[in-house]
Amino acid sequence: MTEEVLVWGMTCAHCVSSVTEELIGIEGVQNVIVDLHAGGASRVTIHSSTPISTSAVQPAVVEAGYTLADSQV
């Protein structure tokens with residue numbers, strides 16, 4: 001399964017690492033790819049073995065210190 005979301009607030013490689021680490025911690029997530037857009041919304045692609053809900057993604061993004069955009073890609 002592949003899910004894409006937009007995340008606000010990331011500006012550097014450390015930001016990408018923080019978000020990736022939190023999302024990998026969600027059960028079923030196998031891989032995370034971040035297309036960083038410093039100063040804007042970064043596209044985050046989540047590959048998983050099962051569907052991942054926004055209700056699981058949002059707290060992980062917030063825990064990393066960033067904001068999940070209201071609408072998905």
Report task. Could you please tell me which pairs satisfy a Cβ distance under 8 Å, a separation of 6+ or placement on different chains, a first residue in region 5-16 that is without any contact (Cβ under 8 Å) to a residue 60 or more places away in the chain and part of a helix (DSSP H, G or I), and a second residue that is surrounded by 17 or more Cβ atoms within 10 Å (Cβ to Cβ) and among the aromatic types (Phe, Trp, Tyr)? Result -> CYS15/TYR66
Query raised in the report: Can you name the number of the only condition in (1) in contact with a helix residue (DSSP H, G or I) (Cβ under 8 Å, 6 or more places away or on another chain); (2) exposed (fewer than 12 other Cβ atoms within 10 Å of the Cβ) that ALA64 fails?
Result: (2)
Report task. Those residues that are closer than 13 Å to THR2 by Cβ and of a type in the set (S, T, N, Q), I need them from region 47-67; list them, please. Result -> SER48, SER49, THR50
Report summary line: Those residues of region 19-73 which are in contact with a strand residue (DSSP E or B) (Cβ under 8 Å, 6 or more places away or on another chain) and assigned to a helix (DSSP H, G or I) amount to VAL19, THR20, LEU23, ILE24, THR54, VAL57, GLN58, VAL61, VAL62
Query - Which numbered condition SER53 fails, given (1) under 11 Å from the mean Cα position of the chain (by Cα); (2) without any contact (Cβ under 8 Å) to a residue 12 or more places away in the chain - result: (1)
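Computed from the coordinates by the stated procedures, all read-outs in this text should not be read as laboratory data. Predicted model, so just to flag it, every value in this text is computed and none were measured. FYI the Cβ positions are ideal-geometry reconstructions off the backbone, even for glycines, and counts take in every protein chain you see.
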